[in-house]
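Before we start, here is the structure in question, set down as structure tokens.
The values are calculated or read from the model by the stated rules, or taken from the named source; none is laboratory data. What you see is a predicted model; the values in this text were computed from it and never measured. For neighbour counting, all protein chains shown are included, and Cβ atoms are generated from backbone atoms with ideal geometry for every residue, glycine included. For the accessible areas, the whole protein counts, side chains as well, though only heavy atoms, and no ligand, DNA or RNA atoms are used. Shrake-Rupley method; radii C 1.70, N 1.55, O 1.52, S 1.80 Å.
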Amino acid sequence: MNSNYENVAVPTGASSSRGACGAEKQEMNRVVMAAMAGSVIEWFEFSVYGYLAAVMGKVFFSSSTPTVQVIASFAAFAIAFLARPFGGIVCGALGDRFGRKNVLNMTLFVMAAATFCIGLIPSHDMIGAGAPVLLVVLRLLQGLSAGGEVSAAAIFVAERCEDRHRTLMTAWVEVGCMAGFLLGAIVSYVLHQTFSGDEMVAWAWRIPFFFAAPMALIGLYIRHRLEESPLFVSAQRAGQVQQIGVLAQLQRLGAYKGAMLQAAGMVIVTNITLFTVLTYLPTYLSKGGLTSGQALAMNLAPMTLLVVLIPIFAVLADRIGRKKVMIAGSLAVLVCAIPAFRLLAGGDLALQLTALAILNICLAMLTSSIFAQVPSLFPLKVRFMAMAVSYNVTIALFAGTAPMINAWLIDVTGNRIFPAYYLMFGAVIGLVALASSRDLTGQPMRGD
């Protein structure tokens, strides 16, 4: 057995052809359900802010003009992504030293607490500059939590499932994320339909943030019976899990620079598309003549299509290869971005709905495979840290800032098609990364 565990012993009773993924079907279902539940909760809480960006701007930046309110609100949204790399480093260090399970529970608790507290913050009219300061602090806590949750959930499932079904099994984690976005959109739509604009600004915006506490309790209940990843336990029992400091763990990543750049490129195309389509477009449409409620309602059907298509494309990817499906998605973004935004800017509701459906289909192709493709690039000893760093640094720099950048560029240039160019930029980066990467579909992950 290799002391640096590039190769990890297969747990007793597991077939080597299954890549140390011999969990019983019932336990596997529990693992997937727990990962999905946490993802739904995390991303509902994270996305609600994006869907209520215009309202949050009025609450926390009331002294600014309407355009500046939206930009400032999206800037506060982006702040959380700046914290994600630090959350990824901390959670990656903990996950590679002590296991994946406890990190999953910790991130869910921190996210829920921060989200609940956002609902308690007084408005700018009540306490002045203290309101946006408190908002930024709590958004940073949300970002720290999110920086560990996604990587922990994806790796936890990837290390438990059969090699031949890894894309589909990890895709359910992404389904949970997208379902969280969809739930956030539904709740935001109901709020806009139920309360007046003044009521939304005065107090109704707080309601979805208060959902955090009961939803977190449900998630923690589902997760409490989980067992640790067999691959990690096997390495731990063999004395192969090294108790080294965070800086030493980061230094180990130097041997995997190529794989991390490939992972970063895949994350860029996937998440620039994701945060533009799911977080920014409702605000984009509301600035084009629709009410906030109408813009959210128009996105519900395409987002539902996204949730349905992710596992379908994942099954296809397990058959023909993840790399092929993600390249197809990247090419589709590159080709369809400008036509889609021309339709969105045109004002015809049927054509706008068609454009949203096209963009969500592109997104489904990318998200169906990302959580299987990225973990497979790294061996177990650095898997959590490597994924957390490459995933969260690129999201912080390119994806989480997409709504703010798009809003600012349109304001500066007056060109409502400009977000399409940002999507195309991400697609080119993704194609380069995918073309240079290995496709381990149906095979053990690197080093397993």
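Give me the distance in nm between label points sitting 7 Å out from Cα along the Cα-to-Cβ direction at S436 and V136, one decimal.
3.5 nm
Now for a different question. Comparing T167, T413, T367, which has the greatest mean-square fluctuation in the GNM of the chain with Cα pairs linked when under 10 Å apart?
T413
Per the 1.4 Å probe, what fraction of the accessible area of the chain, in percent, lies on carbon and sulfur atoms?
Solvent-exposed carbon and sulfur of the chain make up 67 percent of the total.
Then there's this: Name the residue from A248, A399, F74 whose Cα lies farthest towards the positive end of the charge dipole of the chain, charges +1 on Cβ of Lys and Arg and -1 on Cβ of Asp and Glu.
The residue sitting most towards the positive pole is A248.
So, one more: Pop the C-beta distance of L305 and L250 into the FRET formula with R0 = 30 Å and round what comes out to the nearest 0.05.
The pair L305/L250 has a calculated efficiency of 0.15.
Quote the FRET efficiency, to the nearest 0.05, computed for A113 versus I417 with a Förster distance R0 of 45 Å and r equal to the Cβ-Cβ distance.
0.65
Dipole size in debye (nearest 20) for the chain around its Cα centre, Lys and Arg Cβ +1, Asp and Glu Cβ -1?
Dipole size: approximately 800 debye.
Keeping every protein chain in place, order L305, L217, L138, L331 by accessible area at 1.4 Å, biggest value first, i.e. largest first.
If we order L305, L217, L138, L331 from most to least accessible, we get L217, L331, L305, L138.
Using only Cα atoms, tell me the angle between helix 292-320 and the longest principal axis of the chain; keep it within 0 to 90° and round to the nearest 10.
20 degrees
Please tell me which of these pairs span more than 27 angstrom C-alpha to C-alpha: K257/K324; K323/K381; K287/K324; K25/K257?
Flagged as over cut-off: K287/K324; K25/K257.
With viscosity set to 0.890 mPa s at 25 °C, what whole-number translational diffusion coefficient in µm²/s follows for the chain from Stokes-Einstein and a Kirkwood radius over Cα pairs?
Diffusion coefficient, whole number: 113 µm²/s.
May I pose another question? Near L431, within a Cβ-to-Cβ distance under 13 Å, what is the net charge of the other residues, with Lys and Arg +1 and Asp and Glu -1?
Here the charged neighbours net out to +2.
Next up: Between M33 and L409, 0.36 nm times their residue separation minus their Cα-Cα distance comes to what?
Between M33 and L409, full extension yields 131.4 nm more.
Taking only C-alpha pairs under 8 Å that are 6+ residues apart, what is the relative contact order of the stretch 265-412 in percent?
After rounding, I find 38 percent.
Another question, if that's okay. Would you give the gap between the C-alpha center of the stretch 324-356 and the C-alpha center of the stretch 379-393, rounded to a whole Å?
32 Å
Using the heavy atoms of the protein chains alone and a 1.4 angstrom probe, what is the accessible area of the chain per residue in square angstrom?
36 Å²
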